[in-house]
Amino acid sequence: MKLLLKFLILILLVIAQVSFIPALPFPFFNINIIIIGLTIFLILNNLENSLVLGVLVGVFLDLHSFHFFGLNILSIATALILTYLFSAKFFTNRSVYSFVFLANITLFIFEFTRFLLIFLFIFFTQGTFYQEIIYTNYFTSLIYKFLFSIIITFISFYSINYYSKKMKSFFISVKKS
Amino acid sequence: MKLFSKKIIILFISAVLIIILHYAGVLNIVENYALAILKPIEGTAFKSGNKIREAYVGDVDYGDLRIANEELKNKNNELLTQNIQLKILQDENEALRKQLEFYSQHNYSKLLANVISREGDYGADQIITIDKGLDDGIKTGQPIIAENGIIVGKIFLVENTLSYAYLITDKNCQIAASAINKKETIGITKGDLGLTIQMNFIPQTEIITKGDIIITSGLETAIPKGLIIGTVQEVKKETNDLFQSVIINPPLNLNTLAIVSIILN
């Protein structure tokens, strides 16, 4: 039952990302709800479950994409693995800052991997480095993506904190003897 | 947790297997079924997003919106949902009526399609995804039509149940065009910054003025002559250049497309 619910939420997220968000006015069409959702899931759960979900999301996104199949699967998986390493090594405290930072790291790795794979794909299939692969508003769009990621993760963090204890910060106190 | 645990390695192999099976065509049936199930929901989601965009950008008649708003205030949630559904149907009806009007005057074989997604990605500014594909007879190069014979894009990639098209304002979308003037000046249009269209390769000797209507020239096999591209907004003429170019204004808002048609032959 819980698995079915997760799957339904996943489908809804994909539909929202593929069909609803792109139809929204500027700058709202830059929201990347999938990456934010997956980062929250990664922080609240574990890497294995997040990767399962990430691969499934990637399959659905790739089915809707005109780029080569596997682009989103690989980008999401890379982003989740590297974010996991960051969360395990550096951002171990469950503060809002680390939460926001991790979401933006995931977004950055996702965008970077995607860009790199498309670049390599064009190079190996068309044998050129010179094709213009960045569209006119690419950097503006990227800035908005990060901005929305910060806003949504902030809201998500406090919402999760309100309803659950999973994100509560904890401190090790030393008792004076 | 170990990074390369047994479960993660299995997951990695599964992901690679999915990609291989996709290219081998083994997953075609499953993929087509999944897309067929999702398409109607995606169409509705896209139209809902479009409604928000229209209200936000101000493409709707504010007088009507005020009245509609007054009416909506008096309704409960159930009626509100019904009203949104009706508004979407009304818009669909209006778009279909305009399309029908155009096709009743011409003998083209057409196919109606819903826009289910829009993408701006590497190398392209404006791409739309429509819910018809190879199975419906769509081929690359076919024109996308909106309202009364206005060309809004061109198909560049076709899959079994979906197709992708560049909007005419995308820099990758090139269309053979001609102006409605004395000499029927010909040229090639290309999208410009996702906002306007540029018509290039017009010889310096041609006289083209602001307000001239630009149509398709019919020099492309899949695109018939006479589809409206837009009106000339600005003429760019340098004495040293071999050719002159013009900026064309598309006649409708390409950001709110929801129902389009494709000319099949």
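Our compactness index for the protein assembly as shown, the C-alpha radius of gyration over the empirical 2.2 N^0.38 Å, is 1.11. Using amide H atoms built in the peptide plane, which far-off residues or other-chain residues are under 5 Å from A:ARG94 H to H? When sequence neighbours closer than 5 places are left aside, the close amide H contacts are A:PHE170. Restricting the GluC sites (Glu not before Pro) of region B:205-265 to loop positions (DSSP other than H, G, I, E, B) with no more than 10 neighbouring Cβ atoms within 10 Å leaves B:GLU238. Given a Förster radius of 30 Å and the C-beta distance between A:PHE68 and B:GLN174 as r, what FRET efficiency does 1/(1 + (r/R0)^6) yield to the nearest 0.05? Here the calculated transfer efficiency is 0.80. Anisotropy class assigned to chain A is prolate, per the alpha carbon gyration tensor with a/c at or over the 1.5 cut-off and a/b larger than b/c.
What FRET efficiency comes out for the pair B:LYS225/B:GLU92, r = Cβ-Cβ distance, R0 = 25 Å, nearest 0.05? Computed FRET efficiency for B:LYS225 and B:GLU92: 0.30. Charges were assigned to the Cβ only: +1 to each Lys and Arg, -1 to each Asp and Glu. The resulting dipole of the protein assembly as shown about its Cα centre is roughly 2080 debye. In this label model, A:PHE146 and B:ILE213 are separated by 4.8 nm, measuring between points 7 Å along each Cα→Cβ vector. Using a/c under 1.5 as the rounded threshold, could you call chain B rounded, prolate or oblate? The axes a ≥ b ≥ c are square roots of the C-alpha gyration tensor eigenvalues, and prolate needs a/b larger than b/c, oblate otherwise. Judged from the Cα gyration tensor, chain B comes out oblate (a/c at least 1.5, b/c at or above a/b). Along chain A, the longest continuous region that contains none of the trypsin sites (Lys or Arg not before Pro) in a DSSP loop with at most 13 other C-beta atoms within 10 Å is A:1-164. Consider a paramagnetic label point 7 Å from the Cα of B:GLN204 along Cα→Cβ; state which residues of region B:214-248 have an amide N under 18 Å from it. Within reach of a label on B:GLN204, which here means backbone N under 18 Å from a point 7 Å along Cα→Cβ, region B:214-248 contributes B:235-246.
Pairs of Lys residues in region B:110-263, spaced 8 or more positions apart or belonging to different chains, with C-alpha separations under 15 angstrom: 13 in total. Cβ crowding within 10 Å, taken as a proxy for footprinting-reagent exposure, orders A:VAL18, B:VAL115, B:VAL232, B:VAL26 from fewest neighbours to most as B:VAL26, B:VAL232, A:VAL18, B:VAL115. What range in chain A is the longest one free of chymotrypsin sites (Phe, Trp or Tyr not before Pro) that are in a loop by DSSP and have at most 10 other Cβ atoms within 10 angstrom? Value returned for the longest uninterrupted segment is A:1-128. As a proxy for reagent exposure, ranking B:ASP170, B:ASP192 by other Cβ atoms within 10 Å from fewest up yields B:ASP192, B:ASP170.
Listing B:ARG118, B:ARG97, B:ARG53 from fewest to most neighbouring C-beta atoms within 10 Å gives B:ARG97, B:ARG53, B:ARG118.
Read the figures in this text as sums done on the coordinates, not as results from a lab. Note that this is a predicted model, so its numbers are computed, not measured. Methodologically, a virtual Cβ is constructed for each residue, glycine included, from the backbone with ideal geometry; neighbour enumeration extends over all protein chains shown.
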